[in-house]
Structures are given as structure tokens and as C-alpha cells.
Amino acid sequence: SSFRILLGFPIGIHQFRGAAEMARSQAKRPSPLLPALAVGAGLCLLRSSSWSFLAAKPASQVRAEHGRTAMRGFKEDFESWRSSLTPEERKMVQNQATGEYNKKFRKSPEFSKNLPDEKLKSFANILGKFFDTEAADYKKELERKVPNYNQLLEKAGDKVMDLSLKPRIVEMDRDADRRYHWTTVKEKVAAAKGERFANPSPYKEYFNVEMKTKDDQEFLGQLFEKMKAEAAEMKDPQAKKALEDFIAKQSVPAIGGKHVFAVEKALSDQIFATANAIFAAVKNSKEQGMTNEQVQKWLEVEGKDIYFNVSKKWLIEYIKANGEVEKDVQ
């Protein structure tokens, strides 16, 4: 068999060995890795019983990407060097590669012929460049494989760590703990009876209402008057007092000012959920063929009453649940 290098151009072991020896002798940094790398390069470059360089695989699967990059660089350099050979020199190399294992041919003078020194030296430079690249890649691979086990100590070694204990006062809200305890107890008791215990959390949300026009003032004033009327009709004394106290703290600001509503989040979440349910019903009615006039009439009559009645129900339940829990907390 013969050896083929790069797209079918033949180089016999006779010429390759001479160029490899010259490349090793010209290496700037002699390394014990070079003999092994020469064998690896030879296995990558030479393939017996094959005429195609493209079918050759990298010598190491671990360094596949580096091997392919180095091989592409070697291919370009080799193509340039190969174009410098004369037809006679190519024919000589062809014959030597073909008769590499022919005993009769090996004894002939033609087998002992070699390329001119300057072309062997040029090919040796190409091999030397390839060996240096492989050696550098191999060293980088070793550096990646071996971690620096002292890296953490090296980074933190210069820092002086203060491990002494320092006093700090952490305020604990025991009332909040008690609220959670009694709320959990009452929710379980109500669930056992098949009832619902409202969320009594006192956490508040704040809403800003801007007074841009006189209409905004009138709307806010009407809202407070309606709330007063609702409070007067309440039969539950606890809910009535809570709503009256809330209204007493409210006032209508001047135009350009803001009114801040402080509403318990547990209550506002239920009120907003009621409004969203009404809007969803309106959207569904429109999809089923109800006109805008019919929707507007329903909102002004039934929708508004549903919203206020359900919201009042949430308010009464919240005030009752909050009062019970706060009494137990105290």
C-alpha cells in the first residue's frame, strides 16, 4: 500500500521521515512531547490504503476542534509547498510512495533519491509549525484539565475576616403572630361548619384619586354620601361603627389635589374581583348579541346594585372577622 497526503498527493515515508527529522532539529523549544506529536501528526496526515485526506479523523476526539484547526492551517501551507515542486520531482515522489514496500524497488538507486535540500527544509518548516501548534494545544488542554485547588485560598487569603459576634436588636411583631394563629383557628372552625371566615388582615393599600375637574369632586362627594346612607341602614353595630369611623376620616380635596384612600388589601381584592366578574359578564353578553344600549342600561340598573350589594357583603364580613381576631389578639 501507499501513503497519501492531502487530496491524493503522495509522500513516501522516506521523504516524510527526513522532513520530520529536520523539523525536530529546527524546533525553537525542544520538548519531550514532540516524538509523540510527530506520530500523532503522521497518523492524522497519512492513511494507509486510502486516497482521500478528507476521510481522515483527528487523532484525539478530545482535541477534535483544535486538531481540525491545525490541520486546516497545515493543509494551506502544504498546498503552497506542493505547488513549488516540478513535474519530475512529483513523479519521483509518486514512484517512491508507490514502491515503498516493493523489495526490488527499495534496492534501486531511484528509491534513494531525495528532494532538494531547500524543498525538504521548506517542508520541515511546515511540519515544525504544525508540531508547535499541536504542542501548544496539548499544554492548554492539560492546564484546563488540572484545576487550581488553592484558588479560593489565594483569593480570600489576603482578607482579614472578622468573625466576632455583634449585638443586634430584632423587633418581632408578636401581634402579627397572634393574628395569624387566631385566623388559622377560626378558618378551621368555620370550615368544619361548612362556612367561610373572611380574611381579616389589616394590611392596607393606598389609592390616589386626583381631583382634576369639578365633576371629580362631585363624584367623590356623592360616593361619601352613599356610604353614609349605607352605614345608617346597617343593622350590625360593629360594621356600622367601622364604616362611620372610616367616612369621618374622609374629605373632598380642592381641584388639583389628591385624595388618598387607605383600604385593607384583603377587602379591596374582593371588591376588585367583583368588578372583574361583572365586566366578564358584560363581555360575554356582548358576544351573545346584546347591544351596547342594553349593556349600558343593565349596568346602570342591575349591574350597579349587584356591585354595591356584593361589596357591602364583603365589607360587613371583613369588619366582623377583623373585630373578632383583634379582640383575641388583645
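The values are calculated or read from the model by the stated rules, or taken from the named source; none is laboratory data. Computed from a predicted model, the values in this text were never measured in an experiment. Note: ideal-geometry Cβ built from the backbone for every residue, glycine included; neighbour counts use all protein chains shown. These accessible areas exclude ligands, DNA and RNA; they are computed on the full protein's heavy atoms, side chains included. Shrake-Rupley method; radii C 1.70, N 1.55, O 1.52, S 1.80 Å.
Label point 7 Å out from residue 178 along Cα-to-Cβ: which residues of the range 200-215 have amide N under 15 Å? Taking a point 7 Å out along Cα→Cβ of residue 178, the residues of the range 200-215 whose backbone N falls under 15 Å are 202. Heavy atoms of the protein chains alone define the surface here; on that basis the range 188-230 has 75 Å² accessible area per residue at 1.4 Å probe size.
The apolar share of the surface of the range 206-259, taken as the fraction of accessible area on carbon and sulfur atoms (1.4 Å probe, ligands and nucleic acids excluded), comes to 53 percent. Rolling a 1.4 Å probe across all protein chains gives residue 111 an accessible area of roughly 20 Å².
Computed from the C-beta positions of residue 228 and residue 166, the FRET efficiency with R₀ = 56 Å rounds to 0.50. Each label was represented as a point 7 Å from its Cα along the Cα-to-Cβ direction; for residue 212 and residue 294 these points are 3.3 nm apart.
Look at the alpha carbon pairs under 8 Å that are at least 6 residues apart: their mean separation over the length of the range 179-330 gives a relative contact order of 36 percent. Residues in the range 286-326 average 68 Å² of solvent-accessible surface per residue, probe 1.4 Å, ligands and nucleic acids excluded. Rolling a 1.4 Å probe over the protein heavy atoms gives the range 137-176 an accessible area of 110 Å² per residue. On the basis of the beta-carbon distance and an R0 of 30 Å, residue 236 and residue 305 show a calculated FRET efficiency of 0.90. Spin-label model, residue 110 to residue 275: label points 7 Å out along the Cα-to-beta-carbon direction sit 10.1 nm apart. Compared with the alpha-carbon gap, the fully stretched path from residue 83 to residue 102 is longer by 4.1 nm at 0.36 nm per residue. The apolar share of the surface of the range 76-137, taken as the fraction of accessible area on carbon and sulfur atoms (1.4 Å probe, ligands and nucleic acids excluded), comes to 51 percent. Placing unit charges on the Cβ atoms only, positive for Lys and Arg and negative for Asp and Glu, gives the range 113-181 a dipole magnitude near 120 debye about its Cα centre. Extension gain, residue 185-residue 262: 0.36 nm per intervening residue step, less the Cα-Cα distance, totals 25.0 nm.
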